[in-house]
Amino acid sequence: MHELSIALNVLDVAAEEAERQGGRVIAIHLRMGPLSGVVKEALLSAYELAREISPLADADLVIEDVPLVAHCASCDTPCTLESPQELRCPVCGTGTSRVISGRELEVVALEIES
Amino acid sequence: MNPPTRLVEVRQRVLKQNDIVARALRERFRAAGVYAISLVSSPGAGKTALLERTLSLFRAEFQVAALVGDLATDNDAQRLARSQVPVRQIITGTVCHLEAGMVESGLEGWDLANLDFLFIENVGNLVCPASYDLGEALRVVLFSVTEGEDKPLKYPTIFNTADLALITKIDLAGAVEFDAPAAHRSIAAVRPGMMVFEVSAKSGAGMDEWLQFLKTRRREFQQFAPAT
Ligand SMILES: Nc1nc2c(ncn2[C@@H]2O[C@H](COP(=O)(O)OP(=O)(O)O)[C@@H](O)[C@H]2O)c(=O)[nH]1
Ligand SMILES: [Mg+2]
Ligand SMILES: [Zn+2]
């Protein structure tokens, strides 16, 4: 269970930016892929604990799921995959380990009351 | 009415602090010509046993050292120290994975330029280590024949971040009716094209292949390293 330390990292990144911006942060927007190594539900509940002890206690966490996209060498095109359990091009069936997106774990925006 | 809000774009990786340290480590390893290998698996899959054997076999030919992550004990470090190479324990406490900063501290006082291989045994866990870059050149994921052929399907992320898979305790394959083709299919499903070796730290099966692979990879690595 490393979601608590991930949640604290999210708050640190957001707090750093909030300091620059000024104002009260009411939401942190996060982008997360299925290969980020983080479980969404676990992160959301860990975040509820973490925010209590943070200067950003008013900020909700909003998570946007990033699709899993890999490059298929046979089709020479990006393909969206259903599941990280089967990295296979849905069109031609070739195994595709060149992941283009799906590993993301990033803070993309803050909603700030001004 | 709610007060007005504005949306400020940020775009920061959540683990950027770890990634910055990991990148610095990777550069240090490259400059020193030391090939760093991390090992991840469930608890008990055989990381320490494999390392014991690897360190003893490499010791005559190479300068090797190991860092070992563990939640609470230094038992693994004591086992590895019997191979008479430098070994350090990183006690992670409540943290269920190694982070780049822990590796950095663990290396303090070691002259990397004198090393050929550095092995890093991660905390036994197939989930949390996946997100943390340690600056390693090679990430090896291990799972034993006793864990079930579908282990990779249950933990696709860690397998996806790995560069090599080792199926361990192959000496027990018969006893547990291990279905090797099914295991290889599971690995190929989550990480198409990844190299896989079947090894036993007990019987020594597959050890030559594994050691040969490491030597080759290190040679390739050094061709891209600055001359010292
Ligand atoms: N039969 C057999 N047992 C092994 C092998 N490798 C490790 N073990 C046993 O599995 C247990 C856990 O091994 P260990 O190396 O401590 O696993 P770690 O937690 O991944 O470091 C120990 O009792 C080892 O003796 C192997 O290749 N064959
Ligand atoms: Mg161990
Ligand atoms: Zn295709």
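The values are calculated or read from the model by the stated rules, or taken from the named source; none is laboratory data. If you're wondering where the values come from, they're calculated on a predicted model, not measured in any experiment. Counting neighbours? That spans all protein chains shown, and the Cβs are built from the backbone with ideal geometry, glycine included. Calculation scope for accessible area: heavy atoms of the full protein, side chains included, ligands and nucleic acids excluded. Shrake-Rupley method; radii C 1.70, N 1.55, O 1.52, S 1.80 Å.
For the protein assembly as shown, lysine pairs with C-alpha atoms less than 17 angstrom apart, excluding pairs fewer than eight positions apart on the same chain, total 6.
Spread over its residues, the convex hull of the C-alpha atoms of segment B:141-228 is 100 Å³ per residue. When the helices of the protein assembly as shown are scored as -39500 (n - 2.57) per DSSP H run of n ≥ 4 and the total is divided over every residue, the value at 222 nm lands at -10000 deg cm²/dmol. Kirkwood-based Rg over Rh for segment A:2-113 (C-alpha set), two decimals? Here Rg/Rh amounts to 1.11.
For A:HIS71, the solvent-accessible surface with a 1.4 Å probe is about 30 Å², rounded to the nearest 10. Based on protein heavy atoms only, chain A ends up with 47 Å² per residue of surface accessible to a 1.4 Å probe. B:THR92 sits with roughly 10 Å² accessible to a 1.4 Å probe, with DNA, RNA and ligands left out of the calculation. Under 5 Å from the amide H of A:ALA27 lie the amide H atoms of A:ASP60, A:GLU111, each residue being 5 or more positions distant or on a separate chain, with H modelled from the backbone and absent for Pro and chain starts. Interface size, chains A and B: roughly 2900 Å² of accessible area buried, both sides included, 1.4 Å probe, rounded to the nearest 100. Distances between placed amide hydrogens fall under 5 Å for A:CYS89 paired with A:THR94, A:GLY95, A:THR96, all partners being 5 or more residues away or on another chain. Within the accessible area of the protein assembly as shown, the carbon and sulfur atoms contribute 50%, probe 1.4 Å, all protein chains present.
Quote the FRET efficiency, to the nearest 0.05, computed for B:GLN17 versus B:ASP111 with a Förster distance R0 of 25 Å and r equal to the Cβ-Cβ distance. According to the calculation, E is roughly 0.40.
Per residue, segment B:1-141 exposes an accessible area of 42 Å² to a 1.4 Å probe, with every protein chain left in place. Contact order, relative form, for chain B: 24 percent (alpha carbon pairs under 8 Å, 6 or more residues apart, mean separation divided by residue count).
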